[in-house]
Amino acid sequence: MKHLVAALMFVASVGVGLAAPAPGTLADPAQEARARALQKELRCLVCQGESIDESNAPLAADLRAVIRTRIKAGDSDDAIKQFLVARYGDFILMQPPFDAQTYALWLTPFAVLILAAGVAIWVVVRAARAPRGEA
């Protein structure tokens, strides 16, 4: 009997937890889905490798609140992105535009890859030309 009561209490508590929206979420499911999609397109400025949707940094939480506030105010996704880019620069975008200001963001990985390949080739060629000692 005790197990049955405990199981019913557990099911009731899970049901209540699923029914209530999480704090800080929008009541309209379409708006909440829009906010989540937008959050995935924006970089956390503290973590830098995560979107603000994934990050637990306080700044990411503040940016999520700003996005939800602006969605409630009726702003479009592009308007919200432009607002955040004006405030934080193109680096906040997970996929910044390819223009004169972001060449370094886009081209640095390729430059590092080419440099690493050049160093690897140099080491291999130098090792191949080195005299080998006979035993």
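Computed from the coordinates by the stated procedures, all read-outs in this text should not be read as laboratory data. This is a predicted model, so every value here is computed, not measured. Cβ placement follows ideal geometry from the backbone for every residue including glycine, while neighbour counts extend to all protein chains displayed.
Under the simplified labelling scheme, the Gln48-Val125 pair shows an inter-label distance of 3.3 nm, with each label point 7 Å from Cα along Cα→Cβ.
Dipole of the range 60-135 computed with +1 at Lys/Arg Cβ and -1 at Asp/Glu Cβ about the Cα centre; of Leu115, Gln82, Ala61, farthest Cα towards the positive end is Leu115.
Between Thr69 and Arg87, what is 0.36 nm times their sequence separation minus the Cα-Cα distance? Round to one decimal in nm.
On the way: separation 18, 0.36 × 18 = 6.48 nm, distance 1.61 nm.
That works out to 4.9 nm of additional length.
Kindly rank 73-85, 94-106 from highest to lowest mean number of other beta carbons found within 10 Å of each residue. Let's see the in-between values first.
Working: 73-85: 13.8, 94-106: 11.4.
Ranking the peptides 73-85, 94-106 by packing returns 73-85, 94-106.
Listed by chain and number, the lysines whose C-alpha is less than 27 Å from the C-alpha of Lys81, apart from same-chain residues fewer than 8 away, are Lys40, Lys72.
Using the Cα centre of the range 27-79 as the reference point, and only Cβ charges (+1 on K/R, -1 on D/E), how large is the resulting charge dipole? Debye, rounded to the nearest 20.
Working: 8 positive and 10 negative charges, 20 e Å.
The calculated dipole for the range 27-79 is roughly 100 debye.
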